[in-house]
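Notes follow once the structure below has been shown.
Bear in mind that the values in this text are calculations on the coordinates, not laboratory data. Only a predicted model underlies this, so the values are computations on that prediction, with no experimental measurement involved. Cβ atoms come from the backbone with ideal geometry, glycine included; neighbour counts cover every protein chain shown.
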Amino acid sequence: MCKHPLKGFPIGIWPDSGKPKYKIVSYNTDFVRFDGDYWHALQGVPFGDYVSEFIEIPCGQCIECRLQYARDWANRCMLEAQYHDENWFLTLTYDDDHLPDRHELVNCDTGEIVPSPIVSLNKDELSSFMKRLRKNTGQTDFFSFYFFRRANGYLLLNFRKVELRDGMVLLLSPHQQQEWHVNEVELDYTFLIFREDFMRTFIADKFFVYRLLYYYQTDTPPYLFAEPEELTEYMRLLKKIKQELQHPVVDTYNLIVSVLYYLLVIINRAYAQTYRLPVEVPKNNYAFKFKDLLEKHIRTTQRVQEYADMLRVSRITLNNSVMAQFGVSAIHLLKQRLLEELKNELLFSNLNVSQLADEFHFSDPSHLMRFFKKETGKTFTQYLMNYKRGIYE
Ligand SMILES: [Zn+2]
């Protein structure tokens, strides 16, 4: 119930709707009185042409009103949700750097033109957000790990087919298309999901996720097989995280971050061991920064030299650090990432080859087609045909 309700005195009927018309005044008012022009809010003993019966009107400001508002929305969402298979609830806000330009107002006293104190939504931005959202549906910006005790079927991950096996630890990076072909009832697994920035905020290690060898790895598969005792250890850690989530206390966040951090590191070690990847302590961060830059610029920048320039190091230095860290050359990493992006775009967007060439800043569609053929041994058409026939590579 509202802590600071207002009083609403019925003073007539709205002619259009036939609903009662209320004079809304503060709660210490005892009656309202009409003086021929205006309804006055008065205290004490009523006199003259007055109304003293009233209804309580929630203030809309106090904590109870805000909670009620939230409950009303929750109820509305629950009711709406019954009509759809998938439901999202989003709250969109601007950050300070992207506030839209303010309208201009005239200050009536001085005649000055001043920016409006109110910043409002730029509707074009909402509609372009909705477009991007639709385009990206089917992907997530979460890491999601599956620890399978019993598995069956397969997963189409981007353009790759991953057969699911017992004891498999599947490590999915953000922004990968997922299409599951499994018998859910027969699966026995534990599932961990977290956002990249969850770690970034709390651990002063900007490149931590890039140190994870399975993050957007294109040469080695996105999974490893755990020995029973390893799986037991992973389960123990996941259980710890779950317990904390269920019964949060003041330092729950810190505990979860540290357990998750530990879990990610031991999985990383196991992954490195499985695929014989380098585990040396890096002398510098160039390799990770390169991966970070690839994620941001792969569509527009496709020369190792350009990345070396961004990092202000020589191409040779960059190549050496990438080699030491990931066991492949910088150009290889770049090409793999570019192909990944191209294949996804080819399969999951409706762009034609010349639009694709534009999107990826190739000067001519024929250059793009030649690049693709050289790297994959297939033309775009062959690649698409194969995919439709169930040949995933
Ligand atoms: Zn209230």
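Points worth noting:
- Over the chain: helical MRE at 222 nm, DSSP H runs n ≥ 4 each giving -39500 (n - 2.57), nearest 500: -13000 deg cm²/dmol
- Residue (of Leu156, Phe208, Phe142) at the positive-pole extreme of the chain, dipole from beta-carbon charges: Leu156
- Taking Tyr262, Tyr22, Tyr189 in turn, the Gaussian network model of the chain (Cα-Cα springs below 10 Å) assigns the largest fluctuation to Tyr22.
- Qualifying GluC sites (Glu not before Pro) in region 14-85, where qualification requires a DSSP coil assignment and no more than 10 other C-beta atoms within 10 Å, comprise Glu53.
- Relative contact order (%) - the chain, alpha-carbon pairs under 8 angstrom, separation at least six: 9
- Surrounding net charge for Phe9, when Lys and Arg each add one and Asp and Glu each subtract one, Cβ distance under 11 Å: +2
- Along the chain, longest interval not containing exposed trypsin sites (Lys or Arg not before Pro), exposed being DSSP loop plus at most 12 other Cβ atoms within 10 Å: 4-205
- Residue pairs, from the table Lys343/Lys373; Lys161/Lys239; Lys335/Lys374, whose Cα atoms sit over 18 Å apart: Lys161/Lys239
- Taken about its Cα centre, the chain carries a charge dipole of roughly 1600 debye when the Cβ of each Lys and Arg holds +1 and the Cβ of each Asp and Glu holds -1.
- Computed on the Cα atoms alone, the convex hull of region 1-156 gives a volume of 288 cubic angstrom per residue.
- Translational diffusion coefficient (Stokes-Einstein; Kirkwood radius from C-alpha pairs) of region 1-67 at 4 °C, 1.567 mPa s, in µm²/s: 101
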